[in-house]
Amino acid sequence: MRLATWNVNSLKVRMERALEWVSYAQPDILCLQETKLGDAAFPHMAFSALGYESVHHGSGQWNGVAILSRVGLEDAVMGFADGADPDQDTRLITARCGGVRVCSVYVPNGRSVSSDHYIYKLSWLARLTGHLGLLSSPDDHVAVCGDFNIAPEDRDVWDTAAFVGSTHVTPEERAALASLEAWGLVDAFRARWQEDKLYTYWDYRAGDFHEHRGMRIDLILVSRALAGKVGWALVDRNARKGKLPSDHAPLFVDLEV
DNA sequence: ATGGTTGGAATCCAA
């Protein structure tokens, strides 16, 4: 089973690239983030023509998440399942695909450590851990895929000095990610590859992609039951090249299930 | 050189 995730930064702009990527990468499940679409505008039929069912949770303009699957798609849940106040943004969608409970997540950016948005980011991550416990057990097949807006370790950013005082690398954010993993999740890409300079995001500005100034902030977290089944894994940097690329590259892991 | 680019909005905000 090939499980993939991609922050497309506007599916409207990226649709041609997304269809191209799905066609050659052949994911069984693809989680999308930052579709920036309302639900009525999501192109279900175009993906259906390639053999995928799809569910989307979006409000237009900002955020927006989706799950595509060609191995079944059921029990879709929009946002958090805790019954508390709805999230202010459309950042989470969950479904069962081919025996795996899959979450597509777009974790809040945080903006700056002094902002309310940073508090929102930390609380959002804590709420995500609760969400998983409500819908699944760490002994099940669970995968949480998406843009976490956190670099798990210093080696996941191109230059630690450039991030002093910034979000994405603070102990609080990394602790929130560690709490999520402590529930019973493993960073599948890191389990497969231990090298430095393996990034998933490069800022559009200042030639960052060309100079390889990137960050590894897109993750596929899998439960213990799946962690031992990770085969090949890849960040497809080719998808970050060429005409009208997203600022994120797609990431996939192959699971022997 | 607190720079740079992109997307979606409205002529600025978020990333």
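The values are calculated or read from the model by the stated rules, or taken from the named source; none is laboratory data. Bear in mind the structure is a predicted one, so any value in this text is a computation, not a measurement. In this analysis, Cβ positions are derived from the backbone assuming ideal geometry, glycine residues included, and neighbour counts consider all displayed protein chains. The protein model used for the area step is the full one, side chains on, heavy atoms only, and it has no ligands, DNA or RNA in it. Shrake-Rupley method; radii C 1.70, N 1.55, O 1.52, S 1.80 Å.
Considering only strands (runs of 3 or more DSSP E) fully contained in the stretch A:1-72, which possess at least 3 residues that are within 16 Å of DNA strand B (Cβ to nearest atom) and surrounded by fewer than 22 Cβ atoms within 10 Å (Cβ to Cβ)? Steps first, please.
On the way: elements: A:2-7, A:29-33, A:53-57, A:65-69.
Where strands (runs of 3 or more DSSP E) fall fully within the stretch A:1-72, none carries at least 3 residues being within 16 Å of DNA strand B (Cβ to nearest atom) and surrounded by fewer than 22 Cβ atoms within 10 Å (Cβ to Cβ).
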Residues located in the stretch A:127-159, provided they are open to solvent by 10 Å² or more (accessible area, probe 1.4 Å), under 16 Å from residue A:178 (Cα atoms), part of a helix (DSSP H, G or I) and not charged (D, E, K, R):
A:129, A:130, A:133
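Based on this model, can you work out whether residue A:114 counts as free of Cβ contacts under 8 Å to residues at least 40 places away in the same chain and in a loop (DSSP other than H, G, I, E, B)?
Numbers: free of Cβ contacts under 8 Å to residues at least 40 places away in the same chain: yes; in a loop (DSSP other than H, G, I, E, B): yes.
It is true that residue A:114 is free of Cβ contacts under 8 Å to residues at least 40 places away in the same chain and in a loop (DSSP other than H, G, I, E, B).
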Which condition breaks for residue A:210 when tested against (1) free of Cβ contacts under 8 Å to residues at least 12 places away in the same chain; (2) under 20 Å from residue A:122 (Cβ atoms)?
(2)
Taking the conditions exactly as written (crowded, with 22+ Cβ neighbours inside 10 Å and either closer than 26 Å to residue A:247 by Cβ or within 16 Å of DNA strand B (Cβ to nearest atom) (or both)), does residue A:162 satisfy them or not?
no
Please work out if residue A:113 is within 16 Å of DNA strand B (Cβ to nearest atom), more than 28 Å from residue A:20 (Cα to Cα) and among the hydrophobic types (A, V, I, L, M, F, W, C).
yes
Could you tell me whether the stretch A:76-83 includes any residue that is in contact with an Asp or Glu (Cβ under 9 Å, 6 or more places away or on another chain) and in a loop (DSSP other than H, G, I, E, B)?
yes
Scan of the stretch A:244-257 for residues that are modelled with pLDDT of 95 or more and not in a strand (DSSP E or B), ordered by number
A:244, A:245, A:246, A:247, A:249, A:250, A:256
Residue ID - farthest from DNA strand B (Cβ to nearest atom), chosen from residues in the stretch A:197-220 that are in contact with a Lys or Arg (Cβ under 9 Å, 6 or more places away or on another chain), outside any loop (DSSP other than H, G, I, E, B) and open to solvent by less than 30 Å² (accessible area, probe 1.4 Å):
A:219
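Quick one: is residue A:110 on the phi < 0 side of the Ramachandran plot and in contact with an Asp or Glu (Cβ under 9 Å, 6 or more places away or on another chain)? It would help to see each step written out before you state the result.
Values: on the phi < 0 side of the Ramachandran plot: no; in contact with an Asp or Glu (Cβ under 9 Å, 6 or more places away or on another chain): yes.
Judged against the criteria, residue A:110 is not a match.
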Matching residues in the stretch A:97-122 (open to solvent by 30 Å² or more (accessible area, probe 1.4 Å) and touching a helix residue (DSSP H, G or I) at 6+ places or on another chain (Cβ under 9 Å)) number 6
Any residue at all in the stretch A:225-236 that is surrounded by 13 or more Cβ atoms within 10 Å (Cβ to Cβ), modelled with pLDDT of 95 or more, within 16 Å of DNA strand B (Cβ to nearest atom) and part of a helix (DSSP H, G or I)?
no
Name every residue in the stretch A:169-196 that is assigned to a loop (DSSP other than H, G, I, E, B) and surrounded by fewer than 20 Cβ atoms within 10 Å (Cβ to Cβ), in order of residue number.
A:170, A:183, A:193, A:194, A:195, A:196
If I go through the stretch A:73-94 residue by residue, how many of them are more than 16 Å from DNA strand B (Cβ to nearest atom) and buried (at least 23 other Cβ atoms within 10 Å of the Cβ)?
2
